Amino acid sequence: MFKRYDLVIINRSFWPVYPVIGEGLLRLAENLSYSKKVAVIMQDHANIKNHLKYSKRGLGVKFFPAWAFSNSSSGLIKRILDSIFFMFWVLFCLIKTRPKNIYVSTDPPILVPFVVAIFSKFMRVNYVYHLQDIHPEATNTIIKLNSYLFKFLKKIDNFTIQHANSLITLNEEMKIEIESRSNTKKEIKIIENPSVILNTFSKLQKKKGFSFTGNLGRLQLVPLLIDVIKEYEKRGGTLEFAFAGGGIFSEQIYKLSKINSLVTYHGLVSSIEAASIASKYEWALVPIEDQITRYTFPSKISSYVCAGSKILSICGENTSVAKWVKSNKVGITVNPKIEEVVDIFFKIEKNIIDTTFIDLDRKELNKIFQMDTFVKNIQNKIF
């Protein structure tokens, strides 16, 4: 007789290609598989079954990998079609596994969580909805949606929120936004994303310079950053900039590295390599569009904190990112204007900026960002 799965985990991005969140969800599945029947539905960017076999991971967990034909640098239409394909794959797998509990995130947003909500309503299944971003608002900051489409997508996502058994998001600002938009009365648990924590970095080994590891996408103010670095070098600046990551502006950063001696581009790297790069430099850059900070939170911040970096957030002072950086005493914020950012670079270079208030003892923050803390918190919300 067929035994229903106790839990199905749904997240398009997964280990090993997305090793931070992917690693967290893989550990969650592994931990629970000792006592429960667990499955994972994800997209396969790197022949995951071979990686699992080689690394002896995921034992006791059933994997349902879907074919992936887009990535973070793909065009919007291709990514939408990919999400629709994944949506149907998720529905097929849910019918096949008939789970008692479901974990679903906003990766991909709206459609897949909505399918989970409909399935759960008819099959009387519990589901946890993890809002890593708030859509369609986050999408709308990248590309303006038709007003009728925007309202429709918001309506169906509100349905998903209102019918979830448990809700999770990243910070207090996002929690308030979700409550206001959906009118949900359910408790929303705040769980910070985990980070790779290196035990080997030394505060004494850091170069005076800047790192940027993560998505070089539409929301990271990359064109502004390129203009700032060019102007900084033109005026005689000497500090180094180390970049790593993919995205639609990765080619521009690569080209900049070929003509600008201050810039190094490491390409796509693993999360451990990214943490290692960040740990070598005194400062880490967090440029982000002001508007998007209401609907998402840059996961690279936790990696920078755990790498012992001082954070230079390039955004408005009233954004959630600037407030977080200030309240946790991990760095400073500068307005996203060329003159102001160039000025800060020179002040850092010449040691004429006060950083004595920045707390480099990150023990408490490191505990929050530990992978095991993330896994335990998610597990407690599901069961």
Would you mind stating whether Ala278 is crowded, with 16+ Cβ neighbours inside 10 Å, within 30 Å of Pro136 (Cβ to Cβ) and out of contact with any Pro (no Cβ under 8 Å at 6 or more places or on another chain)? no
Could you check segment 77-108 and list, in sequence order, the residues that are over 22 Å from Ser166 (Cα atoms) and crowded, with 22+ Cβ neighbours inside 10 Å? Phe86
Quick one: which of Ser83, Ser105 is touching a residue at least 24 places away in the same chain (Cβ under 8 Å), in contact with a His (Cβ under 6 Å, 6 or more places away or on another chain) and within 27 Å of Gly217 (Cα to Cα)? Ser105
Per the filter on segment 30-58, residues in contact with a Gly (Cβ under 7 Å, 6 or more places away or on another chain) and either under 23 Å from Ser299 (Cα atoms) or hydrophobic (A, V, I, L, M, F, W, C) (or both) are Leu52
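Identify, please: which residue in segment 343-383 is part of a loop (DSSP other than H, G, I, E, B) and of a type in the set (S, T, N, Q) and is, among those, surrounded by the fewest Cβ atoms within 10 Å (Cβ to Cβ)? Even if it seems obvious, please write down each step before you answer.
Pass one, segment 343-383, residues part of a loop (DSSP other than H, G, I, E, B): 350-362, 370, 383.
Now drop any that are not of a type in the set (S, T, N, Q), which leaves 351, 355-356, 370.
Values: Asn351: 8, Thr355: 14, Thr356: 4, Gln370: 16.
Only one residue fits best here, namely Thr356.
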Could you please find all residues in segment 145-198 being small (Gly, Ala, Ser), outside any helix (DSSP H, G or I) and at pLDDT 95 or above? Ala164, Ser166
Checked segment 262-277 for anything under 24 Å from Asn171 (Cα atoms) and either touching a Leu at 6+ places or on another chain (Cβ under 9 Å) or among the hydroxyl-bearing types (Ser, Thr, Tyr) (or both); matches are Ser271, Ala275
For Gly247, the lone unmet condition from (1) surrounded by fewer than 16 Cβ atoms within 10 Å (Cβ to Cβ); (2) closer than 22 Å to Glu23 by Cα is (1)
Determine the pairs where a residue that is in contact (Cβ under 8 Å) with a residue 60 or more places away in the chain, located within segment 37-61, has a partner that is of a type in the set (Lys, Arg) with Cβ atoms under 8 Å apart, the partner being 6 or more residues away or on another chain. Ala39/Lys62
For segment 28-60, give me each residue that is in a helix (DSSP H, G or I) and at pLDDT below 95. Ile48, Lys49, Asn50, His51, Leu52, Lys53, Tyr54, Ser55
Using the structure shown, decide if Thr238 is assigned to a loop (DSSP other than H, G, I, E, B), modelled with pLDDT of 95 or more and crowded, with 16+ Cβ neighbours inside 10 Å. no
Log entry, pairs with first residue in segment 259-281 being under 16 Å from Leu216 (Cα atoms), second being β-branched (Val, Ile, Thr) and at pLDDT below 90, beta carbons closer than 6 Å, six or more apart or on different chains, reads Ser271/Val20; Ser271/Val196
Condition set of a type in the set (Ser, Thr, Tyr) and modelled with pLDDT under 95, scope segment 61-105, selection nearest to the chain's Cα centre (by Cα): answer is Ser72
For the structure I just gave you, tell me whether Leu256 is assigned to a helix (DSSP H, G or I), assigned by TED's automatic domain parsing to the domain that holds Val330 and over 30 Å from Ile178 (Cα atoms). yes
Complete set of residues in segment 312-329 that are in a loop (DSSP other than H, G, I, E, B) and surrounded by 23 or more Cβ atoms within 10 Å (Cβ to Cβ): Cys315
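The values are calculated or read from the model by the stated rules, or taken from the named source; none is laboratory data. Owing to the predicted nature of the structure, the values given are computational and were not obtained by experimental measurement. FYI the Cβ positions are ideal-geometry reconstructions off the backbone, even for glycines, and counts take in every protein chain you see.
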